[in-house]
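The values are calculated or read from the model by the stated rules, or taken from the named source; none is laboratory data. Predicted model only: the values in this text are computed from it and were never measured. Here the Cβ positions follow ideal geometry from the backbone for every residue, glycine too, while neighbour counts run over all protein chains shown. These accessible areas exclude ligands, DNA and RNA; they are computed on the full protein's heavy atoms, side chains included. Shrake-Rupley method; radii C 1.70, N 1.55, O 1.52, S 1.80 Å.
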Amino acid sequence: MKSYFVFVDESYRPDIFALSVVWTKNKTEPCKIKNEALKKIRKEKYHFHFKNDDDEIRKNFMNTILKSSINFGIILTEYPSSCNEYARYYIAEVINNLPVEENSRVVITIKGINDWINKKKCKIYEEVIRWIRKRIFYTIKFNDKAGLEIADYIASAYTYCKFQKDNFCELLENKLTFLVRIR
């Protein structure tokens with residue numbers, strides 16, 4: 001059985017809600033990418049966050065991501081307003097659109113999922129069942145900082161590129177494995 005490590009984060013503006021789906025077979029790949037970027041910006045520790053980073057840090061981290069072997073896609077949809085929608089967009093549609101074989105094992109790390117499960121009393125596993133179409137074994141993780149930082153950058157860069165072109169925008173769009181619109 002093949003295993004995949006998946007990281008999901010979102011970015012949105014008034015006219016766009018984009019979920020980035022980042023995946024790899026090698027669970028240490030996100031840390032390697034982050035460490036390489038840290039060397040380029042000459043820092044030992046740093047929390048990459050697209051909205052807060054200056055142009056030089058963005059450029060270095062995006063270039064490191066785009067030159068890596070990590071895979072990513074984008075799901076465009078509406079802002080989830082219920083547990084059902086959250087389960088559908090962040091888990092079921094991620095699994096449905098991942099280009100992986102059935103009977104694979106997927107470990108999904110989703111930023112903010114604890115809020116939905118704990119504060120909003122979301123029974124996420126029960127909600128996912130109605131939307132999932134592939135036979136994939138999955139588990140949900142709550143924290144993997146390097147992978148989520150990469151997912152943040154992909155989602156934010158994608159929405160940024162829709163409003164303002166930058167030199168990495170074409171590279172980003174060319175490297176997308178999938179782009180799905182769900183309405």
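No partner Cβ under 4.7 angstrom, meaning no disulfide-compatible partner by this rule: which Cys of the chain qualify?
Unpaired cysteines in the chain: Cys31.
Consider a paramagnetic label point 7 Å from the Cα of Glu78 along Cα→Cβ; state which residues of region 1-30 have an amide N under 13 Å from it.
17
Please give me the summed charge of the neighbours of Leu19: other residues whose Cβ is under 9 Å from its Cβ, Lys and Arg +1, Asp and Glu -1.
-3
Where the Cα atoms of region 70-175 are projected onto their three principal axes, how long is each span, largest first, in whole Å?
Sorted from largest, the Cα extents of region 70-175 read 42, 33, 25 Å.
Please return the longest stretch of the chain lacking exposed loop sites, where GluC sites (Glu not before Pro) count only if DSSP places them in a loop and at most 14 other Cβ atoms lie within 10 Å.
103-183
Tell me, what % of the accessible area of region 104-183 is carbon and sulfur with a 1.4 angstrom probe?
Carbon-and-sulfur percentage of accessible area, whole number: 50.
Given [x] 17.2, 59; [y] 15.8, 47; [z] 22.4, 72, which label gives Rg and Dmax of the Cα atoms in Å as computed from the coordinates?
[y]
What's the local net charge at Asn143, with K and R +1, D and E -1, over the other residues with C-beta under 14 Å away?
-1
Dipole magnitude of the chain about its Cα centre, charges +1 at Lys/Arg Cβ and -1 at Asp/Glu Cβ only, in debye to the nearest 20?
The calculation lands at about 440 debye.
About its Cα centre, how strong a charge dipole does region 95-150 have in debye, to the nearest 20, once Lys and Arg get +1 and Asp and Glu get -1 at the Cβ?
220
Taking the Cα centroid of region 138-183 and of region 83-123, what is the distance between the two, rounded to the nearest whole Å?
16
Pull up the cross-link candidates among the aspartates and glutamates for Lys111, meaning alpha carbon to alpha carbon under 15 Å and not fewer than 8 places away within one chain.
Once the sequence-local aspartates and glutamates are set aside, what remains near Lys111 is Asp9, Glu10, Asp144, Glu149, Asp152.
What FRET efficiency, computed as 1/(1 + (r/R0)^6) with R0 = 22 Å and r the Cβ-Cβ distance, is obtained for Asn63 and Arg183, rounded to the nearest 0.05?
Result of the calculation: an efficiency of 0.10.
In region 118-177, with Lys and Arg counted as +1 and Asp and Glu as -1 at Cβ, which of these residues, Ile154, Ile136, Leu176, has the Cα nearest the positive end of the dipole, that is, farthest along it?
Projecting each Cα onto the dipole axis, the largest value belongs to Ile136.
Antiparallel versus total DSSP beta bridges in the chain: what percent is that, nearest 5?
In the chain, DSSP labels about 50 percent of beta bridges as antiparallel.
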